[in-house]
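Note sheet for the following structure.
The values are calculated or read from the model by the stated rules, or taken from the named source; none is laboratory data. These numbers come from a predicted model, not from an experiment. Note: ideal-geometry Cβ built from the backbone for every residue, glycine included; neighbour counts use all protein chains shown. We work out accessible area using only protein heavy atoms, side chains counted, and drop any ligands, DNA or RNA first. Shrake-Rupley method; radii C 1.70, N 1.55, O 1.52, S 1.80 Å.
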Amino acid sequence: MSRLWPEGEPIQMQTDADGRPLRFVWRERPYRLAQIQQRWQVDADWWREAGRIWRDYVAVTTTDGLLCVLYQDLLTENWFLSKLYD
Amino acid sequence: MSVLCCRIPDFLIALACRQTPAWAGRPLALVGPDDRLWAVSPEAQQSGVQVAMRPAQAQVYCPEVLLHDLDIAASRQAQAEVLAVAGRWELPVEPLTWGALYVDLHLVGKNAASVRPLAVELGQRVRSACGAALQPALGWDSGKFTAHAAAVQVMPGHVRLVDKADEVRFLTPLPVTLLPLPPLHLQQLHWLGVYTVGQFAALPAAAVWQRFGAAGKLAQRWAQGKDDRPVQGRGARTAAVTTVTLDPPTGRLSPVVAGVMASLQPALAQWAKALVGLRHLHLTLDFVAAADHHLDLTFVEPAGQPARVEAALVQHLTALTWPGAVQAVRWQALATGELLAQQPTLFDLPDARSDAAAGVAAALAGRYGVVLWRSQVVEPGHPVAERRSHFHTLLAA
Amino acid sequence: MSSAKQRRLASAVASIQQRYGAQALVRGGDLNGRTLPHIATGFAALDAITGCGGVPLAALTLLSGRSTSGKLTLAYKLLAQAQHSDAQHTVGLLDLSRTADPDYVQRCGVDLERLWVARPVAGRQAVNLLGDLMQRGGLRLLVVDSLTDLAAAPEGLRSLHALLPHLAQLLRTSGGALVLLDEPHAPWLRWLNLDSSQRVRQAAALHIEMRREQWLRRGDALVGYRAQAQVLKSRWVQGGRSTVVEIVFNGTVRASESW
């Protein structure tokens, strides 16, 4: 049961050499990933006017107890916060 | 200008009771060709039954209501007789609604003294032609709204003449519900403490325009006695033929309805600004490899709301057997008419919940803008969360 | 009973009720016969400690907790419960952060047709709209998400404080319940009444604070979390009582995303 940001909340993500997310900054506050719970990729809606959605999603828990879903837009390579569980 | 309004109250009901005297004094409702109530007797209205309800809704409010089909042919015949009587002076006559019309007297009388004998003569002729059961009430003024208001205020068999000098004094105490504003606007006025025509007339013009739009601005002018609409003989002007092409041709209902409504809505909006509604819509359905089919949508009261027109369109198209796919629809507004004043109800309609929500949303929209929404999950299986659902405004169409 | 035993008992009660329904286990004290107008939370263990059987009608409830504490879940469950008690009831969500997810709201059991989502500009407009919704909307329950967003906007908190004295009368007249969501504040700020929510806390008939305690796992998969719900203030019972609620994810989305 979550909050959803339809446009995505921009975050600054720091990854390791393999591209694995390590920590991110959201609204000027740093969060460290405790565990990646799940990863999946979505490639959809290429036929729609709103455009193709091609993203790498990760569901993560942070060290201070948040559970959230992040994604990297593979077209722009930017990272966003999609959902925050509450 | 000099306008005489002749009005036979509850014309359709009185006509039906003239044919079947046993119905007189009983809760009675007449069902039109669109399966909606076209006329409701005062006894049924007291229980909350209203014009445009469905028969089943009427029975919820008044289980003992007598429901009978309206005799359209006889009604049209009687209406034609009334128009013929009024037309004997060869002056412009404009039908208003069933049993009501305007006569333009500016060529023959412009003050109360000169108009009185004409009004009495017309009243006697109508009574003579239609019988004592269909007594007219007459009102006269320099404008249509005030003339109509005078005819509503006076008892059948009487005439009320309003001189220009008395116009404002006459209009001031009348209920604001005499103005043909949408129910939501009347509700807002009620919340604002505006109950009379005089109070509405005294509101700042800019505020009325901002809150109620062009239609409200026009209604305010009428409330101030500034109704300069001419009496238009032979009914109101009609729109040209509009063609909606469906490419590719379709045998499905929703694209046809959507196409017709999309092309009709600008006209409806334009008429609404002038407090005019659609009375008769003629459609020609052009089927692929089959003969054209003609449809006539008529409304007991001029329809101002797109939802009302769409519901009638869907009903007629659904009742029709389609011989093939529709490739084009041509429509023509054969008659429009001025919107009639709404009858405010003490009783919630059966599906009042959505009406109530829309009512609150509209009232709050006036203050905050569009802030109330309803959500809907449209694609529950979509892989992207934000594409699964959307929001739409609570405001009525 | 030691606090560890109490927590284990509460956890067991919560698990049974989650699995078999809220009525499977009821505390003896709930059978007193005294009932206040309320909306059940959907978590019977929590209903039992609020002092009124859930959240009170015609009164203000403050629901605080940080993200992933379960407060939003609880709020959505309240919306569903408020609707279920009567098919005519409409409920509202003042979504100041514009992050309401209809898909998940629906999965919490909320009938979206009878949910109004209000998205005003934050600040004074939002507070005025709150008052108007309670007065005119005929809502059984209005959830405000959140007090933090309200206070962040200019004049928002000031407007809310100005509304508070009239809120009690508004709620009594409307008969609906009002639930405000809030972030937690440091205990020392609360004790000294120096936090931004202190006047709202004073006006609230009930204050529940949620805190996530641990993740729930099935093998390697994360299937939910356990949260503590503590009644910090209640008009009807002594504050300080707490219980455990378990929030299990409703995995009805496709296999690749079980959230």
Problem - Qualifying helices (runs of 4 or more DSSP H) (wholly inside the stretch B:26-137; at least 1 residues being basic (Lys, Arg) and open to solvent by 20 Å² or more (accessible area, probe 1.4 Å)) - result: B:72-86, B:112-130
Practice task
Test A:GLY19 against the stated conditions and say whether it is farther than 29 Å from C:VAL248 by Cβ and out of contact with any Cys (no Cβ under 6 Å at 6 or more places or on another chain).
Solution key: yes
Practice task
With the checklist (1) more than 19 Å from the chain's Cα centre (by Cα); (2) at negative phi; (3) modelled with pLDDT under 85 in hand, flag the one item B:VAL288 doesn't pass.
Solution key: (3)
Completion exercise
Going through the stretch B:284-336 in order, the residues found to be in contact with a His (Cβ under 6 Å, 6 or more places away or on another chain), open to solvent by 30 Å² or more (accessible area, probe 1.4 Å) and among the hydrophobic types (A, V, I, L, M, F, W, C) are B:LEU334
Exercise for the section: Mind telling me which of the residues B:LEU372, B:LEU346, B:LEU394 ends up being more than 27 Å from B:LEU178 (Cβ to Cβ), at pLDDT below 85 and either open to solvent by 40 Å² or more (accessible area, probe 1.4 Å) or within 11 Å of chain C (Cβ to nearest Cβ) (or both)? Expected result: B:LEU394
Practice task
Output the qualifying pairs, or none if there are none: Cβ atoms under 8 angstrom, residues six or more apart or on different chains, first residue in the stretch B:64-83 and small (Gly, Ala, Ser), second residue surrounded by fewer than 14 Cβ atoms within 10 Å (Cβ to Cβ).
Solution key: B:ALA74/B:GLN19
Practice task
Please tell me if B:VAL260 is among the β-branched types (Val, Ile, Thr) and open to solvent by less than 70 Å² (accessible area, probe 1.4 Å).
Solution key: yes
Practice task
Answer yes if at least one residue in the stretch A:41-64 is under 17 Å from A:LEU4 (Cα atoms), open to solvent by 10 Å² or more (accessible area, probe 1.4 Å) and in contact (Cβ under 8 Å) with a residue 60 or more places away in the chain, and no otherwise.
Solution key: no
Handout entry: Subset of the stretch C:87-113 that is farther than 22 Å from B:GLY381 by Cβ and either part of a helix (DSSP H, G or I) or open to solvent by 60 Å² or more (accessible area, probe 1.4 Å) (or both) - its residue that is modelled with the lowest pLDDT
Key = C:ALA87
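Okay, residues lined up against (1) more than 30 Å from B:GLU121 (Cα to Cα); (2) at pLDDT below 85:
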site	(1), (2)
B:ASP35	yes, yes
B:PRO42	no, no
B:LEU70	yes, no
B:ALA74	no, no
B:VAL82	no, no
Completion exercise
Note on the stretch A:35-73: residues more than 15 Å from A:THR15 (Cα to Cα) and either more than 11 Å from every other protein chain (Cβ to nearest Cβ) or assigned to a loop (DSSP other than H, G, I, E, B) (or both) are A:ASP45, A:TRP46, A:TRP47, A:ARG48, A:GLU49, A:ALA50, A:GLY51, A:ARG52, A:THR63, A:ASP64, A:GLY65, A:LEU66
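Being modelled with pLDDT of 90 or more and over 19 Å from the mean Cα position of the chain (by Cα): is that true of C:ALA126 here?
Working: modelled with pLDDT of 90 or more: yes; over 19 Å from the mean Cα position of the chain (by Cα): yes.
Yes; evaluated as a whole, the condition is true for this residue.
Go over the candidates A:ARG32, A:ARG27, A:ARG23 one by one and state the one that is more than 9 Å from every other protein chain (Cβ to nearest Cβ), open to solvent by 70 Å² or more (accessible area, probe 1.4 Å), on the phi > 0 side of the Ramachandran plot and not small (Gly, Ala, Ser).
Values: A:ARG32 fails: on the phi > 0 side of the Ramachandran plot; A:ARG23 fails: on the phi > 0 side of the Ramachandran plot.
Step by step, each of A:ARG32, A:ARG27, A:ARG23 is checked, and only A:ARG27 is more than 9 Å from every other protein chain (Cβ to nearest Cβ), open to solvent by 70 Å² or more (accessible area, probe 1.4 Å), on the phi > 0 side of the Ramachandran plot and not small (Gly, Ala, Ser).
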Fill in the blank from the handout: Given (1) open to solvent by less than 20 Å² (accessible area, probe 1.4 Å); (2) free of Cβ contacts under 8 Å to residues at least 60 places away in the same chain, A:ILE11 misses just (2)
Exercise for the section: Kindly provide the set of residues from the stretch C:98-109 that are touching a Lys or Arg at 6+ places or on another chain (Cβ under 9 Å) and more than 7 Å from every other protein chain (Cβ to nearest Cβ), ordered by number. Expected result: C:ARG98, C:ALA100, C:GLY109
Practice task
Can you run down the residue pairs with Cβ atoms below 6 Å, 6 or more apart or on separate chains, where the first is in the stretch B:185-207 and more than 18 Å from B:GLN224 (Cα to Cα) and the partner is of a type in the set (A, V, I, L, M) and open to solvent by less than 80 Å² (accessible area, probe 1.4 Å)?
Solution key: B:GLN188/B:ALA363
Practice task
Would you be able to say whether some residue in the stretch B:216-232 is among the acidic types (Asp, Glu), in contact with a strand residue (DSSP E or B) (Cβ under 9 Å, 6 or more places away or on another chain) and either in a loop (DSSP other than H, G, I, E, B) or not assigned by TED's automatic domain parsing to the domain that holds B:ALA86 (or both)?
Solution key: yes
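Among the residues of the stretch A:3-12, are any more than 13 Å from the chain's Cα centre (by Cα) and within 11 Å of another protein chain (Cβ to nearest Cβ)? Don't jump to the end; show me each part of the working.
Let us first name the residues in the stretch A:3-12 that are more than 13 Å from the chain's Cα centre (by Cα), namely A:3.
Those left that are additionally within 11 Å of another protein chain (Cβ to nearest Cβ): A:3.
Within the stretch A:3-12, one or more residues are more than 13 Å from the chain's Cα centre (by Cα) and within 11 Å of another protein chain (Cβ to nearest Cβ).
Is there a residue being touching a Cys at 6+ places or on another chain (Cβ under 7 Å) and over 19 Å from B:ALA80 (Cα atoms) anywhere in the stretch B:33-44? Before you say what the answer is, go through the steps one by one.
Initially, the stretch B:33-44 is screened for residues touching a Cys at 6+ places or on another chain (Cβ under 7 Å), giving B:44.
From the residues that got through so far, the ones that are over 19 Å from B:ALA80 (Cα atoms) too are B:44.
Scanning the stretch B:33-44, I find at least one residue that is touching a Cys at 6+ places or on another chain (Cβ under 7 Å) and over 19 Å from B:ALA80 (Cα atoms), so the answer is yes.
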